[in-house]
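One structure is given here, and the rest of the page talks about it.
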Amino acid sequence: MLRNLTLTLLLASPALALAGDDHSTHSQDGHDHASHVQRQADDHDHSTDAHAQHNDHNEQPDHNHGDHQHSDEHSNEHSESEHAEHHHDSDKHNDEHNENEHADHSHDDGHGDDDHASAARLSPQQQQLAELSIAPLQRTARQSILRAPGEIVANAYQTYVLSPRTDSSVVARHVALGEHVRAGQVLVTLFSADVASAQASYRQAHSEWQRVQQLGRNTVGEQRYTRARSDYEQGLAQLRAFGLSPADIKTLQSNEPQQLGQYQLRAQVNGTVLSDDFEQGQHLAAGTALMRIANEQQLWVEVHLPATDTLPLSQAEQLVVIIGDQRIPARLGQDSHSINPITRTRTVRLEIDNPEHRFHPGMFASAELTFTSPPVLAVPSTALMPSSDGHWQVFVQTADDTFSAQEVELGQRFGDWQQVHGVAEGARLVMQGAFFVASQLAKDGFDPHNH
């Protein structure tokens with residue numbers, strides 16, 4: 001039995017060695033596996049002889065098959081280990097890469113914040129070079145000047161239109177266009193059949209009235225006396241209605257022969273003949289304008305204001321009319337409360353004195369109305385700069401060398417000054433040189449990498 005066991009071990013040894021060599025080709029852990037095979041062989045030494053002899057030829061294939069299976073399992077474990085380690089290294093590398101990218105991105109974000117910085121730093125030398133003017137924002141009463149176009153027109157309250165009160169014909173004119181006339185001066189001689197009838201009736205009524213007055217009421221009776229007075233008063237009123245002057249009516253009271261039907265129209269005011277659109281011999285209907293006479297010593301300037309303008313004109317401190325290169329003080333005349341349907345403007349009349357007749361109706365002019373506002377927060381136009389989003393902004397000095405942009409809303413304009421909202425009273429603002437600060441702010445926020 002001992003001899004047979006020894007022979008079995010000798011026969012199994014080459015196979016075990018071959019299995020160990022094969023296994024070493026698959027893994028660097030073959031030595032450990034050989035030890036494991038040797039322990040299996042030792043285990044076989046303790047088996048019974050019958051079992052050893054019975055399995056003498058079958059043990060080697062089974063063992064080789066087991067060895068190969070174990071080698072494959074170990075190789076798979078080794079591959080899975082290497083794959084896990086590789087996967088772990090890859091994940092670690094990806095995590096490090098992502099962290100680096102995140103850090104880079106965070107750095108880019110920080111740089112982007114600088115792009116939108118709203119503060120600029122200027123050294124004292126830069127401020128002096130830019131001639132910055134810095135002052136606290138304070139409430140101050142500001143003057144605003146309203147400018148509007150206008151036109152000189154005749155003062156309608158001192159203008160007279162000459163026209164016949166009944167159908168008439170032109171006999172003669174006595175003044176020319178543009179001539180200065182005096183009140184009571186004869187302007188035109190007309191002829192009218194209605195006037196002739198009225199003149200004759202008046203002469204008759206005047207004679208009867210004179211006779212009745214001489215005889216007395218008791219002599220002529222109450223009825224005749226009353227009728228004579230009524231006829232006289234009616235004839236006198238009709239002649240006045242036709243436009244005859246008291247002097248012309250008085251000439252009818254004489255008994256001397258007169259050419260009835262002719263009458264004269266006289267100037268009712270001192271002024272200038274502005275129009276005389278008629279010809280001698282022309283037949284005119286009642287109410288036809290013959291002449292237009294205006295007093296040019298005082299004229300109107302009609303100013304056209306926007307319909308939405310709500311300034312209290314009565315509170316204007318100064319009114320000036322500009323005609324050419326001359327500035328003439330003016331007074332507020334009338335303020336229309338209606339809107340012109342064509343021009344969509346509101347008409348305001350200013351009055352000016354024209355003693356030397358230098359100005360005439362029809363001349364163009366402009367008006368300046370000066371108002372003083374209550375105290376407001378206002379900055380000069382040089383302090384305002386447009387922001388990147390289209391709003392207006394000013395620059396507040398937050399430190400000796402630091403200036404921050406502050407968006408504001410605009411209010412009323414006062415010439416070169418602009419009312420602002422959105423900045424605190426007392427804030428130190430750049431009143432002059434804001435463009436330089438804005439340029440410095442844009443340069444500080446410039447990104448050459450275009451992040």
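The values are calculated or read from the model by the stated rules, or taken from the named source; none is laboratory data. No experiment lies behind these values; they were computed from the predicted model shown. Note that we place each Cβ from the backbone using ideal geometry, even for glycine, and neighbour counts take in every protein chain shown.
Okay, here's what the table says:
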| read-out | value |
| --- | --- |
| Tally of residues being modelled with pLDDT of 90 or more and assigned to a strand (DSSP E or B) across segment 369-393 | 9 |
| Of all residues making up segment 394-416, the number that are of a type in the set (Phe, Trp, Tyr) and modelled with pLDDT of 90 or more | 2 |
| Among residues of segment 390-438, those that are within 23 Å of Pro374 (Cα to Cα) and of a type in the set (A, V, I, L, M, F, W, C), counted | 11 |
| Checklist (1) at pLDDT 90 or above; (2) surrounded by 14 or more Cβ atoms within 10 Å (Cβ to Cβ); (3) more than 16 Å from Thr140 (Cα to Cα); (4) of a type in the set (Gly, Ala, Ser) applied to Gly445, failing item | (1) |
| Residues being without any contact (Cβ under 8 Å) to a residue 40 or more places away in the chain and surrounded by 11 or more Cβ atoms within 10 Å (Cβ to Cβ) - total across segment 249-258 | 1 |
| Candidates Ser197, Ser201, Ser192 - the one that is assigned by TED's automatic domain parsing to the domain that holds Tyr225, exposed (fewer than 15 other Cβ atoms within 10 Å of the Cβ) and closer than 16 Å to Leu252 by Cβ | Ser197 |
| Residue match in segment 368-382 (condition: touching a residue at least 24 places away in the same chain (Cβ under 8 Å) and over 26 Å from the mean Cα position of the chain (by Cα)) | no |
| Pick from segment 391-406, criterion in contact (Cβ under 8 Å) with a residue 60 or more places away in the chain and of a type outside the set (Val, Ile, Thr), ranking: surrounded by the fewest Cβ atoms within 10 Å (Cβ to Cβ) | Asp400 |
| Filter pass, Ile293 being in contact (Cβ under 8 Å) with a residue 24 or more places away in the chain, surrounded by 11 or more Cβ atoms within 10 Å (Cβ to Cβ), farther than 30 Å from Ser163 by Cβ and over 31 Å from the mean Cα position of the chain (by Cα) | no |
| Hits in segment 249-276 (condition: within 22 Å of Glu179 (Cα to Cα) and either touching a Gly at 6+ places or on another chain (Cβ under 8 Å) or outside any loop (DSSP other than H, G, I, E, B) (or both)) | Tyr263, Gln264, Leu265, Arg266, Ala267, Gly271, Thr272, Val273, Leu274, Ser275 |
| Residue count, segment 239-248 (criterion: part of a helix (DSSP H, G or I) and buried (at least 18 other Cβ atoms within 10 Å of the Cβ)) | 2 |
| Residue selected from segment 339-360 under the condition touching a Pro at 6+ places or on another chain (Cβ under 9 Å) and surrounded by 14 or more Cβ atoms within 10 Å (Cβ to Cβ), by the criterion nearest to Glu179 (Cα to Cα) | Ile352 |
| Contacts under 8 angstrom Cβ, first residue in segment 351-366 being under 21 Å from Asp335 (Cα atoms), partner at pLDDT 90 or above and exposed (fewer than 13 other Cβ atoms within 10 Å of the Cβ), 6 or more apart | Glu351/Arg331; Ile352/Pro329; Ile352/Arg331 |
| Which listed residue, of Ala135, Ala176, Ala172, Ala183, is of a type in the set (A, V, I, L, M, F, W, C), assigned by TED's automatic domain parsing to the domain that holds Val269, at pLDDT 90 or above and not in a loop (DSSP other than H, G, I, E, B) | Ala172 |
| Verdict on Arg358 being more than 25 Å from the chain's Cα centre (by Cα) and of a type in the set (Lys, Arg) | yes |
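Matching residues to (1) closer than 17 Å to Ala289 by Cα; (2) of a type in the set (S, T, N, Q):
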site: Gln128; (1), (2): no, yes
site: Ala135; (1), (2): no, no
site: Gln143; (1), (2): no, yes
site: Thr159; (1), (2): yes, yes
site: Leu177; (1), (2): yes, no
site: Val188; (1), (2): yes, no
site: Ala193; (1), (2): no, no
site: Ala196; (1), (2): no, no
site: Ala200; (1), (2): no, no
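Residue-by-condition table, conditions (1) of a type in the set (A, V, I, L, M); (2) outside any loop (DSSP other than H, G, I, E, B):
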| residue | (1), (2) |
| --- | --- |
| Val396 | yes, yes |
| Phe403 | no, yes |
| Gln406 | no, yes |
| Leu410 | yes, yes |
| Gln418 | no, yes |
| Val423 | yes, no |
| Ser439 | no, yes |
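Conditions tested, residue by residue: (1) under 30 Å from Gln334 (Cα atoms); (2) under 50 Å from the mean Cα position of the chain (by Cα).
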position: Gln127; (1), (2): no, yes
position: Ala154; (1), (2): yes, yes
position: Tyr160; (1), (2): yes, yes
position: Thr166; (1), (2): no, no
position: Val186; (1), (2): no, no
position: Leu190; (1), (2): no, no
